[in-house]
Amino acid sequence: DVRLTDGSTAVVYYNQMDERYANKPYGTDHVGSSGCGPTAMAMAVSSMGDWDRDPVQMAQWAVEHGYWAKGGGSYLSIVEGTAAAYGLTASSLEEHTPQAVREALLSGNLLVALMGPGHFTQGGHFILLRGVTLSGTILVADPNSEERSLMEWEPQLILDELSASTANG
């Protein structure tokens, strides 16, 4: 398995398109096409907790607990629900500013971001924000792109591309 170790927190990286996961079920959908939520949460749980969960295990758990949205990926509630079930604390970032994002990451937190159309997706897509570089750019763990996970991102670009649904949580 791949580990991304250049951020504030070392992250176990999973890609939903990996041949081990892509064609596995996420409800009546598949991890590859619809499983960014459970894949992102598998990374978070495996990196921050005492658990080792892969995208297939997390997808099955998400379906059993009502976080799968048929034909639409995952409900936003997957973040807080998964955190609570796996002994992690999830809270909303009060301020959507580059400084608030940097401070949260520098404090050793991972941030789960639901992205809207832009650099990461044409629809909705869960990614992890995993660290800050010395120059203040953001490191991500994108469950659909190892390439994007190795790039540096301007925090304002990430904030500008957040899904409108993130205002709900």
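Things worth noting here:
- Taking all protein chains as shown and a probe of 1.4 angstrom, Arg20 keeps an accessible surface of around 120 Å².
- Put simply, the amide H of Val132, placed in the peptide plane, has neighbours under 5 Å in Ser8, Leu139, leaving out anything fewer than 5 places away on its chain.
- In the chain, the calculated helix contribution to ellipticity at 222 nm averages -8500 deg cm²/dmol per residue, counting -39,500 (n - 2.57) for every DSSP H run with n ≥ 4.
- The spread of Cα positions in the chain, taken along each principal axis and listed from longest to shortest, comes to 42, 31, 30 Å.
- For region 47-90, the Kirkwood estimate of hydrodynamic radius, built from reciprocal distances between every pair of different alpha carbons, is 10.9 Å.
- For Gly116, the amide hydrogen comes within under 5 Å of the amide hydrogens of Leu162, Ser163, counting only partners 5 or more places away or on other chains and with H modelled in the peptide plane.
- Using a probe of 1.4 angstrom and keeping all protein chains present, the accessible surface of region 89-169 works out to 50 square angstrom per residue.
- Seen from Tyr75, the other residues with C-beta closer than 15 Å to its C-beta sum to a net charge of -2, counting Lys and Arg as +1 and Asp and Glu as -1.
- Efficiency of FRET between Glu147 and Ala22 - r from beta-carbon atoms, R0 25 angstrom, step 0.05: 0.90
- Degrees, to the nearest 10: 36-48 long Cα axis against longest axis of the chain: 60 degrees
- As a length-normalised measure over Cα pairs under 8 Å and 6 or more apart, the relative contact order of the chain settles at 21 percent.
- The distance from the alpha carbon centre of region 123-150 to that of region 55-104 is 16 Å, rounded to a whole number.
- Potential lengthening between Asp50 and Ser91 on full extension [0.36 nm per residue; Cα-Cα distance subtracted]: 12.8 nm
- Taking N as the residue count of region 48-122, its C-alpha radius of gyration divided by 2.2 N^0.38 Å amounts to 1.23.
The values are calculated or read from the model by the stated rules, or taken from the named source; none is laboratory data. Remember, predicted model here, so these are calculated numbers, not experimental data. Don't worry about glycine lacking a Cβ; one is built from the backbone with ideal geometry, like all the others, and counts go over all protein chains shown. Ligands, DNA and RNA are excluded from the accessible area calculation, which covers all protein heavy atoms including side chains. Shrake-Rupley method; radii C 1.70, N 1.55, O 1.52, S 1.80 Å.
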